[in-house]
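One structure is given here, and the rest of the page talks about it.
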Amino acid sequence: MSKPIPKTVNRPAQCPFCGKLFDYTMYPEIIIPGDSKLKKKVINKTLFFPKCPHCKKEFKLKVGCIYRNETKKEWFIVTDSPESRFETMMKTGDIGFNDISSDDDVLDFMKGLYTRRVVYDVDSFREKILLSDSNYDDRIIELMKLSLSGLLGRENHVPVYRIFLEETAGNTLEFTAIMGVCPPYEYVTVKTPANVYTQYRNKYLDKLGDPREDEYILTDQTWAAKSGLLKNEDAGFIVPT
Ligand SMILES: [Zn+2]
């Protein structure tokens, strides 16, 4: 049995701009239903993006946090450590929570019941939560991002370093692409009509398995490229506006 995860931890955060330390409240676990205010803070970018009280600059924290949605049976983990064992732990069920009382519970909890994802930064974490909230399949979105990256890279003659969904308001999906080979990167905003998602879903969803399977724990751009689904496709399917 693991110890109950505390609701909040005050930890010193170090500002990457001025190097000074300040106290910041972390939330190791967000559970839905219940923590919907915290979820909103993640989506609004107010939770993991503190403003330094010394130099007043805003930056992105490196954090570890578990998001568990009991209604939708989803479990997303963000970890700042690339050599983290979280992927293995998620596959084997070797994570304990205070409301789980037996090993069988753990296995039921882990296998087949939950859609599980591990990400390595808060932008991706926020994206997973945003997609879940808007009922988008993250694998379809990763395929769209891959296609969009190809298009943007060709148009701008620089590669896309990272790309993520920023907003899902109305009839458009707004992506932010971080472009370049090294810092300083250029930030590009690209909008696509939301029905492009529907086209992608109709085309690719039946080629994918159950989203709760182990192979989707790391659903990201590497996964999308490895899936080979876009191999012989034109990257012009998304029309930037
Ligand atoms: Zn500062």
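No value in this document is a laboratory result; all are computed from the given coordinates. Just so we're clear, the structure is a prediction, and the values are computed from it rather than from any experiment. Glycine also receives a Cβ, built like all others from the backbone with ideal geometry; neighbour counts cover every protein chain displayed.
Sorting MET179, MET26 by the number of Cβ atoms found within 10 Å of their own Cβ, with the fewest placed first, yields MET26, MET179. Summed over all non-identical Cα pairs, the Kirkwood treatment of the range 138-237 gives a radius of 14.1 Å. Across the range 53-58, computed HN-Hα scalar couplings (Karplus, 6.51 cos²θ - 1.76 cosθ + 1.60, θ = phi - 60°) run x, 8, 9, 6, 8, 9 Hz from first to last residue, x flagging Gly and Pro.
The label point for LYS60 and the one for THR172, both projected 7 Å from the Cα toward the Cβ, are 2.2 nm apart. Taking other C-beta atoms within 10 angstrom as a stand-in for reagent exposure, PHE22, PHE59 fall in the order PHE22, PHE59, fewest first.
The label-point distance for ASN10 and ALA225, in a model that sets each label 7 Å from Cα toward Cβ, rounds to 4.4 nm. The magnitude of the dipole of the range 138-237, with charges of +1 and -1 set on the Cβ of Lys/Arg and Asp/Glu and taken from the Cα centre, is near 220 debye. With each label modelled as a point 7 angstrom along the Cα→C-beta vector, the ASN135-ASN44 pair spans 2.5 nm. Counting other Cβ atoms within 10 Å as a rough exposure proxy, the listed residues HIS54, HIS157 run HIS157, HIS54 from fewest neighbours to most. Backbone amide hydrogens, once placed in the peptide plane, bring ARG212 within less than 5 Å of nothing, excluding anything fewer than 5 places away on its chain. Between amide H atoms placed 1.01 Å from N, distances below 5 Å from LEU229 occur with no residue 5 or more places distant or on a separate chain. Amide H contacts of ASP121: THR79, each under 5 Å away and 5 or more positions distant or on a separate chain (H built 1.01 Å from N in the peptide plane; Pro and chain starts excluded).
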